[in-house]
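Asks: This is the structure, below, for whatever I ask next.
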Amino acid sequence: MTDPDWKTNTTLSDIAAWLKDKRSVVVLTHAKPDGDAMGSTLALARALNLASNTSGASSKAECWYAGPMPAWHKLLAGSTKVRTVEPNETPEFTLDPEAIVVLDTGTWGQIDAYADWLRARTDRACVIDHHLQGDPDTAPMRYVDTSAAAVCQSSAELCRLILGLDSAADLPTDIAEPLYFGIATDTGWFKHGNVSAAVMRTAGDLLAAGVNHERLYQATEMNDRPARLRLMARALDSLEMHENESIVFMSLRPKDLVETGAAPGDSGGFVDIPRGVGKVRVSALLTEIEAPDKSLFTKISLRSKGGDDAVDVNQVAQKLGGGGHARAAGARVMADVETTKARLLEALT
Ligand SMILES: [Mn+2]
């Protein structure tokens, strides 16, 4: 179900033209950024900085992220100017840029670390997203392509336009690499149902631009810390099966992180593991988090398997105040993990 007000009202060429003469740009994305979020924002910042250096203008773009950050974030960011806000940190934002671009989300709840800052500046904001829901008041300019597997597809086209290139295959490798990473991760490294001819064409162009996909895969997906494996063991140990083993829940509590020495970002991808079981239609990871005021809330990550009897987890997440995509969605429930489990099971059955 798509929000009728949540739709495109501009084009990528108009966004490229709008960004052209801006001297300062802040590029934002959702909290706990994934590959698509970091890939799309880094690529855009690099393209804007490259364009400004070429023209001799003083235009400079930087990316802001709200943690927890994934293990590979420093590797992907390299020397690009980024600012990271850790969870529970109350940041002081004083920068007053000429333009703000929000990528891979348009939902206030996913950008709450800098929501007050952005609310005072939405007049110069633009959202580029591929999710089915968003808050139209985050930006007057919106480009929403819900058919895109990753926002990096749109970001690749925007970078091409900003740099005036004929093809994404002509992008500099340091711009192509984060874009490829975003497309690869949002498609489960080209496994999920969202893979299309357009996805493969863009990915092919990015490889032609010099991306070393094997090195990128090794450095990001095969470079876990041992603590992540210990946390995975906890998650698997918590496994519960419902509805004739078609629904799987895994849960993590604050003590699981402490006792395994894992970081909050270490649970990324766990929710995909149960999908390998034939009977499983829906997999959920519930992570209980203690807020600074000691109250408990639970983050839900939901995945469903494709096929004729596929469950639309976006609709399930919406019942709990969240959203996302048909096969991957999430929600945040202001309750402990046991209460949240009961509410999720009710929403699913
Ligand atoms: Mn995405």
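Bear in mind these aren't lab numbers, they're just calculated from the coordinates by the rules spelled out. These numbers come from a predicted model, not from an experiment. No Cβ is skipped: glycine too gets one built from the backbone with ideal geometry, and neighbour counts run over all protein chains shown.
Asks: Could you work out the relative contact order of the chain, using alpha carbon pairs under 8 angstrom and six or more residues apart, expressed as a whole percent?
Replies: Working: 691 pairs, mean separation 49.1, N = 349.
The normalised contact order for the chain reaches 14 percent.
Asks: Okay, moving on. Are any of the pairs Lys22/Lys299; Lys22/Lys81; Lys294/Lys341; Lys191/Lys294; Lys74/Lys294; Lys305/Lys341 more than 28 Å apart by Cα-Cα distance, and if so, which?
Replies: Values: Lys22/Lys299 37 Å; Lys22/Lys81 17 Å; Lys294/Lys341 20 Å; Lys191/Lys294 40 Å; Lys74/Lys294 31 Å; Lys305/Lys341 20 Å.
Over 28 Å Cα-Cα: Lys22/Lys299; Lys191/Lys294; Lys74/Lys294.
Asks: Check each of the GluC sites (Glu not before Pro) in region 230-328 and keep only those in coil by DSSP with at most 15 other C-beta atoms within 10 angstrom; list them in order. Before the final figure, lay out each step's value.
Replies: Numbers: sites: Glu240, Glu243, Glu245, Glu259, Glu288, Glu290; in loops: Glu243, Glu245.
Here the sparse-neighbourhood loop sites are Glu243, Glu245.
Asks: Still on this structure: Size of the dipole of region 12-220 about the Cα centre, Lys and Arg at +1 and Asp and Glu at -1 on the beta carbon, nothing else charged, in debye to 20?
Replies: On the way: 17 positive and 26 negative charges, 72 e Å.
Roughly 340 debye, rounded to the nearest 20.
Asks: Pairs of alpha-carbon atoms within less than 8 angstrom and 6+ residues apart define the contacts here; what relative contact order does region 134-275 have, in percent?
Replies: Here the relative contact order equals 18 percent.
Asks: In addition: Which shape class applies to region 137-206: rounded if a/c is under 1.5, otherwise prolate when a/b exceeds b/c and oblate if not, where a ≥ b ≥ c are the square roots of the Cα gyration tensor eigenvalues?
Replies: Working: a/c = 1.84, a/b = 1.03, b/c = 1.79.
Oblate is the answer for region 137-206, as a/c is 1.5 or above yet b/c matches or exceeds a/b.
Asks: For the pair Thr146/Lys81, report the inter-label distance in nm, with labels modelled 7 Å from Cα in the Cβ direction.
Replies: In this crude label model, Thr146 to Lys81 measures out at 3.7 nm.
Asks: Considering Cα pairs under 8 angstrom that are at least six residues apart, work out the relative contact order of region 1-148 and quote it in whole percent. Walk me through the numbers on the way to the answer.
Replies: Working: 269 pairs, mean separation 43.8, N = 148.
Averaging sequence separation for qualifying contacts and normalising by length gives 30 percent for region 1-148.
Asks: Could you state the angle between the C-alpha long axis of helix 35-55 and the longest principal axis of the C-alpha atoms of the chain, as a value from 0 to 90 degrees rounded to the nearest 10?
Replies: Relative to the chain, helix 35-55 is tipped by roughly 10 degrees.
Asks: Still on this structure: Note the angle between two axes, namely the Cα long axis of helix 151-163 and the longest principal axis of the Cα atoms of the chain, as a number of degrees from 0 to 90, rounded to the nearest 10.
Replies: Approximately 10 degrees, to the nearest 10.
Asks: At 0.36 nm per residue, and after removing the present C-alpha to C-alpha distance, how many nm does the segment from Asn212 to Ala310 gain when stretched out fully? Please list the in-between numbers first.
Replies: Values: separation 98, 0.36 × 98 = 35.28 nm, distance 3.44 nm.
Value of the extension gain: 31.8 nm.
Asks: Kindly work out what percent of the DSSP beta bridges joining two residues of the chain are antiparallel, to the nearest 5.
Replies: On the way: 20 of 48 bridges.
Of the beta bridges lying entirely in the chain, close to 40 percent run antiparallel.
Asks: Can you work out the FRET efficiency for the pair Arg119 and Asn53, with r the C-beta to C-beta distance and R0 = 30 Å, to the nearest 0.05? Mind showing how you got there, number by number?
Replies: Numbers: r = 32 Å, r/R0 = 1.06.
After rounding to 0.05, the efficiency reads 0.40.
Asks: A further question on this structure: Within region 81-97, list the residues whose amide N lies under 13 Å from a label point set 7 Å along Cα→Cβ of Lys60.
Replies: So the set is 81-83, 95-97.
Asks: Also, quick follow-up: In region 64-166, with Lys and Arg counted as +1 and Asp and Glu as -1 at Cβ, which of these residues, Ser154, Leu132, Trp117, has the Cα nearest the positive end of the dipole, that is, farthest along it?
Replies: Positive-end residue among those listed: Ser154.
Asks: Can you give the charge dipole size of region 226-348 about its Cα centre, rounded to the nearest 20 debye, using +1 on the beta carbon of Lys and Arg and -1 on the beta carbon of Asp and Glu?
Replies: Details: 17 positive and 17 negative charges, 50 e Å.
The calculation lands at about 240 debye.
Asks: If Lys and Arg each add +1 and Asp and Glu each add -1, what is the summed charge of the other residues whose beta carbon sits under 11 Å from the beta carbon of Ala113?
Replies: Details: positive: Lys32, Arg83; negative: Glu86, Glu89, Asp112, Asp116.
Neighbourhood net charge equals -2.
Asks: Here's another thing I want to ask about it. Output the 0 to 90 degree angle, nearest 10, between the alpha-carbon long axis of helix 337-348 and the longest principal axis computed from the alpha carbons of the chain.
Replies: For 337-348 against the chain, the angle is about 80 degrees.
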